[in-house]
Amino acid sequence: MRERYLLLQKQIEQVAHDVAELEHRDNNIYRAIFEAAPLPDSIRIGKQYSRIDWDQYKFRDTDELIAEVEKEITALQHRINIQKASYDTLQMLVASKEEMLACIPAIQPISNKTLDHVASGFGYRIDPIYKTPKMHTGLDFAAPIGTPVYATANGIVSEAAYEPGGYGNHVIINHGYGYETLYAHLVKLKVKKGEKVKRGQVIGWVGSTGKSTGPHCHYEVIRNKHKINPVHYFFNDLSPADYERLIRIAEATNQSFD
C-alpha cells in the first residue's frame with residue numbers, strides 16, 4: 001500500500017508540474033503574443049498557493065490519505081479546466097488576429113517584383129508642376145497605362161470617384177482597424193463605393209488622370225486619419241534585402257509624378 005501510495009504521489013506531482021508548465025507558457029508566451037492579460041494564480045489555483053508537504057502524510061491512515069489525494073486531484077482538475085477555458089479564449093484571439101492581419105496593407109498595389117516601378121517616395125519632393133518642395137503623402141508607382149492595380153488588404157470601398165484637379169480617378173478602401181488606402185490617377189475603375197474587396201483583387205488600372213505628369217499609381221496608407229509611409233507595409237511580398245533596396249529607391253527620388 002505504501003509503495004502504491006508513493007507511486008501515486010509521484011504521478012500527481014508530475015501532472016502538477018506539467019500543468020504548471022502549460023500555465024507558464026500560456027501567461028508568458030501565448031497571451032503575450034496577443035497582448036492579453038495573464039491569468040493570476042487566484043483564478044488558476046484559488047487560495048492554495050503553497051505546495052503540499054507529502055511527508056506529513058506518511059503515518060496517516062488510509063482514509064486520510066485517500067481524502068488528501070482526492071483533494072489534490074480535484075485541485076488539478078480545476079486548474080486544467082481553467083487552462084482549457086484560457087485556450088478557448090486564445091483560439092478566439094487567433095481568429096480575430098487572422099482577420100486583422102488580412103485587413104492590414106501588406107503588398108504593393110501593382111506587380112513590382114523587380115522594384116523598378118517605384119518612381120517617387122514619401123516625404124518632401126519637388127512638385128513636378130510648380131517646381132517647389134511639397135509634402136508627397138504616398139508612393140508613386142510608374143507603369144504603363146492599363147497596368148492592373150490591386151487592393152493591398154481586405155476592406156470595403158469607401159470612395160470610387162473622379163477628382164479633376166487632384167487624384168483623378170481614384171479609389172479609397174476602408175480596411176477597418178484604423179487603416180485606409182488610396183489609389184489615384186487610374187485610367188479606369190473596376191470597383192464601386194460599398195463593394196467588399198480582398199487583398200490582391202484588381203480595383204482599377206494605371207492611368208494619368210487628374211494632376212499627373214505621366215502614367216502612374218499614387219498610393220497612400222492612412223492609419224487613424226494620418227498619412228504614413230507606405231514603404232513599411234509591403235511585408236507580404238518583399239524579402240528583407242528587397243525591403244532595404246526599396247527604401248533606398250524611394251528616398252533617392254526627389255521629384256514626384258503628381
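Odds and ends about this structure:
- Verdict on Thr89 being of a type in the set (Ser, Thr, Tyr), in a helix (DSSP H, G or I), closer than 30 Å to Lys198 by Cα and assigned by TED's automatic domain parsing to the domain that holds Leu39: yes
- Subset of segment 134-171 [part of a loop (DSSP other than H, G, I, E, B), of a type in the set (S, T, N, Q) and within 14 Å of Val206 (Cβ to Cβ)]: Thr147
- Hits in segment 69-106 - residues which are in contact (Cβ under 8 Å) with a residue 12 or more places away in the chain, of a type in the set (Ser, Thr, Tyr) and farther than 30 Å from Thr152 by Cα: Ser86, Tyr87
- Enumeration of residues in segment 172-208 that are of a type in the set (Lys, Arg), in a strand (DSSP E or B) and in contact with a Pro (Cβ under 9 Å, 6 or more places away or on another chain): none
- For segment 130-154, the candidate set comprises residues that are within 12 Å of His216 (Cα to Cα) and among the β-branched types (Val, Ile, Thr); within that set, the residue that is surrounded by the fewest Cβ atoms within 10 Å (Cβ to Cβ) is Ile145.
- Candidate set from segment 20-54 (those that are within 16 Å of Lys71 (Cα to Cα) and outside any loop (DSSP other than H, G, I, E, B)); member that is modelled with the lowest pLDDT: Trp54
- Residue within segment 173-180 that is buried (at least 21 other Cβ atoms within 10 Å of the Cβ), within 22 Å of the chain's Cα centre (by Cα) and β-branched (Val, Ile, Thr) present: yes
- Considering residues of segment 155-167 that are modelled with pLDDT of 95 or more and surrounded by 21 or more Cβ atoms within 10 Å (Cβ to Cβ) only, the residue farthest from Lys97 (Cα to Cα): Ala160
- Filtered by the rule that a residue be in a helix (DSSP H, G or I) and surrounded by 13 or more Cβ atoms within 10 Å (Cβ to Cβ), segment 95-112 gives Lys97, Met100, Leu101, Ala102.
The values are calculated or read from the model by the stated rules, or taken from the named source; none is laboratory data. Predicted, not measured: the structure shown is a model, and the values here were computed from it. FYI the Cβ positions are ideal-geometry reconstructions off the backbone, even for glycines, and counts take in every protein chain you see.
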